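So the structure is just underneath, and the comments pick up after that.
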Amino acid sequence: MSDIHDLPARMDPHNLALAVNTKPFNVYFYKTADTLDEVLAGGYFDEAVEHLIRKHDRIEVIADAGGDAEFATLVVRSVLSVRGGSKAVEVSRLERC
């Protein structure tokens, strides 16, 4: 039997807010007590499909908000949504040149 604390961290949809709505890409703000490593883990943003997140959208993240805050800009690499089925949002850190 698994303890609920064994489950991987997931985004809290109440902490995701649309900041800028544009045609090329949208910008979201997200603040969490989870660490940046947890936020970057696969599956973390899968529920963002419900917020109509799109490929190339950006997410400005404040992670570990209760401790030593970590800041990152994430880019949505892909979005998969099967009606009545699976959801997947892949993100990665936006690297600046």
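A short reminder: the numbers here are calculations on the coordinates, not readings from a lab. Model, not experiment: these values are computed from the prediction. FYI the Cβ positions are ideal-geometry reconstructions off the backbone, even for glycines, and counts take in every protein chain you see.
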Original post:
How would you classify region 30-72 from its alpha-carbon gyration tensor, with a ≥ b ≥ c the square roots of the eigenvalues: rounded for a/c under 1.5, else prolate if a/b is greater than b/c, otherwise oblate?
Top reply: prolate
Original post:
So for the pair K31, K87, with labels modelled 7 Å out along Cα→Cβ, what separation do we get in nm?
Top reply: 2.3
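Can you sort T35, T22 by how many other beta carbons sit within 10 Å, fewest first? Working shown, then result.
Numbers: T35 15, T22 8.
Listing T35, T22 from fewest to most nearby Cβ atoms yields T22, T35.
Please give the calculated 222 nm ellipticity per residue for the chain, where each DSSP H segment of at least 4 residues contributes -39500 (n - 2.57) and the sum is spread over every residue; nearest 500 deg cm²/dmol?
Values: 1 runs with 5 residues, N = 97.
After summing the helix terms and dividing by the residues of the chain, the value is -1000 deg cm²/dmol.
Could you quote the convex hull projected area for the chain, Cα atoms only and averaged over all directions, in nm²? Mind showing how you got there, number by number?
Working: hull surface 30.2 nm².
Taking a quarter of the hull surface, the average projection is 7.5 nm².
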**OP:** Evaluate the charge dipole of the chain about its Cα centre and quote only its size in Debye, nearest 20, assuming +1 on the Cβ of each Lys and Arg and -1 on the Cβ of each Asp and Glu.
**Re:** 740
**OP:** Please identify, among L18, L52, L36, the residue showing maximal mean-square fluctuation in a Gaussian network model of the chain using a 10 angstrom Cα cutoff.
**Re:** L52
